[in-house]
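Student: Structure below; questions to follow.
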Amino acid sequence: MQEVEQTTTLNPQIKEAAIKYVKNKFSQAGDSELIRVLKKESFKHIYKKMIVDPDDFMERPRPADIEPWGGQKPGGPRDFLKSKVVLPSLPQVLLEIQKVIKNPDSSADDLAAVINKDPKLVAAILRLANSAMFSFSSEVETTSRAVALLGFRQASSLALGTVSLSLFKRTAGTSILQIEKLWKHSIACGVIAQEIATSAGHNDVERFFVAGMLHDIGLYVVFEGDRSLAMELYEYASRDGHSFYDAEMEFLGFDHATLGGVIIKDWSFPQSLVAAIDGHHNPARDQNGPDAAIVHVADFVAQALGYDLGISSVIGRIDHEALEKIGLSTDRYAAILPNVQKLIDEIFEILNQT
């Protein structure tokens with residue numbers, strides 16, 4: 001495989017296994033300069049992972065207590081939500097943040113006052129404000145100072161996303177979806193989306209971070225809603241050549257992005273967030289902005305870097321129209337990669353304490 005780095009210091013057997021794994025992982029991705037760059041990065045991760053955590057590549061047995069799926073497709077996302085799904089209750093602080101955002105007379109002090117009602121949220125916002133993601137010149141010690149430096153819209157987006165991500169911490173109804181992997185993938189997608197948006201010259205880049213963090217809320221709900229269906233999807237996606245998106249379209253007739261868009265819209269989240277989540281597998285759905293395109297590409301890059309969900313060995317497709325819409329060269333994407341993994345690990349540690 002010419003795309004991966006050639007070196008005589010690698011273990012030949014592990015190298016061969018890693019090359020085969022990466023080839024399958026990118027089997028739907030096509031070929032381009034960016035894909036070749038991401039294949040090299042993916043190989044580095046997979047080779048190392050095969051050494052330090054070989055069990056992660058073992059097929060997981062089907063849990064004995066999961067009944068076979070009945071096989072009846074839901075009529076659509078809302079029909080699925082009306083069946084067995086119990087959505088997480090929105091915390092009071094999140095409802096109050098939404099109220100502040102919607103009120104045109106709200107001030108930075110109003111937002112800081114709401115954040116201050118939740119000590120864990122205060123700690124998370126201050127840690128984020130003091131992280132390498134923002135690199136302010138002096139230490140941020142108070143919520144009001146954080147809101148002032150970040151700006152009302154940016155701070156409210158971060159607060160909204162931080163509280164919402166904590167909803168994923170509920171113990172999953174099935175062991176198929178590993179919550180830590182979901183968290184790392186979500187945060188990785190958020191960090192990469194913000195870095196892409198920054199490099200592309202967009203304003204209010206925190207909204208891309210939040211969209212990336214929450215883009216897979218629909219997938220979480222699928223796994224929480226029906227263990228038998230979740231197992232069917234996982235087993236189909238585990239077969240050669242199938243992505244999880246393929247599995248969803250086969251068994252549901254819609255994907256978790258569409259489902260997530262419905263959920264977020266019903267929760268009265270900002271329209272840009274609805275568009276990003278709804279369109280992150282089909283970014284052409286978002287005709288009004290770059291949000292879905294950026295989250296789509298960030299999702300692909302996150303998986304390429306090893307921040308996957310462990311539910312399919314195939315990374316899926318990348319939308320080339322989305323790449324054109326964003327307008328970055330391969331060199332610009334490559335420039336993002338060296339520091340992004342360190343930043344992902346830092347943000348994960350920060351948000352994992354909420």
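The values are calculated or read from the model by the stated rules, or taken from the named source; none is laboratory data. Model, not experiment: these values are computed from the prediction. Methodologically, a virtual Cβ is constructed for each residue, glycine included, from the backbone with ideal geometry; neighbour enumeration extends over all protein chains shown. These accessible areas exclude ligands, DNA and RNA; they are computed on the full protein's heavy atoms, side chains included. Shrake-Rupley method; radii C 1.70, N 1.55, O 1.52, S 1.80 Å.
Student: With +1 on each Lys and Arg Cβ and -1 on each Asp and Glu Cβ, how big is the dipole of segment 78-140 about its Cα centre, in debye rounded to the nearest 20?
Tutor: Working: 8 positive and 7 negative charges, 93 e Å.
Here the size comes out at about 440 debye.
Student: Which pairs, out of K117/K325; K102/K342; K99/K184, put more than 31 Å between their alpha-carbon atoms? Walk me through the numbers on the way to the answer.
Tutor: Numbers: K117/K325 40 Å; K102/K342 35 Å; K99/K184 29 Å.
Among K117/K325; K102/K342; K99/K184, the Cα-Cα distance tops 31 Å for K117/K325; K102/K342.
Student: Still on this structure, please answer the following. Rounded to the nearest 500, what is the 222 nm mean residue ellipticity of the chain from helices alone, with -39500 (n - 2.57) per DSSP H run of 4+ residues and division by all residues? Let's see the in-between values first.
Tutor: Working: 18 runs with 212 residues, N = 354.
Rounded to the nearest 500, it is -18500 deg cm²/dmol.
Student: Looking at L328, G253, S83, which one has the Cα that reaches farthest to the positive end of the dipole of the chain (charges on Cβ: Lys, Arg +1; Asp, Glu -1)?
Tutor: The residue sitting most towards the positive pole is S83.
Student: Ranked from highest to lowest mean number of other Cβ atoms within 10 Å per residue, what is the order of the peptides 135-143, 259-267? If you can, show how the numbers build up before the last one.
Tutor: On the way: 135-143: 12.3, 259-267: 21.4.
Highest mean packing first, the order is 259-267, 135-143.
Student: Would you mind putting 27-34, 232-239 in packing order, based on average other-beta-carbon counts within 10 Å, highest first? Show your work: numbers first, answer last.
Tutor: Details: 27-34: 14.8, 232-239: 18.4.
Highest mean packing first, the order is 232-239, 27-34.
Student: For segment 151-214, report the accessible area per residue in Å² (1.4 Å probe, heavy atoms, rounded to an integer). All intermediate terms of the calculation are to be shown ahead of the outcome.
Tutor: On the way: 1800 Å² over 64 residues.
Result: 28 Å² per residue.
Student: In addition: Suppose every Lys and Arg Cβ carries +1 and every Asp and Glu Cβ carries -1, with no other charges. What dipole size does the chain come out with about its Cα centre, to the nearest 20 debye? Could you put the intermediate results ahead of the total?
Tutor: Details: 36 positive and 47 negative charges, 47 e Å.
That gives a dipole near 220 debye.
Student: How large is the accessible surface of K184 in square angstrom, using a 1.4 angstrom probe and rounding to the nearest 10?
Tutor: Result for K184: roughly 70 Å² accessible.
Student: What shape does segment 1-134 have by the C-alpha gyration tensor, where a ≥ b ≥ c are the square roots of the eigenvalues, rounded means a/c under 1.5, and otherwise prolate means a/b greater than b/c and oblate the rest?
Tutor: Numbers: a/c = 2.52, a/b = 1.53, b/c = 1.65.
Judged from the Cα gyration tensor, segment 1-134 comes out oblate (a/c at least 1.5, b/c at or above a/b).
Student: With the dipole of segment 213-289 worked out from charges on the C-beta (+1 for Lys and Arg, -1 for Asp and Glu) around the Cα centre, which of H242, H280, A230 lies farthest toward the positive end?
Tutor: H280
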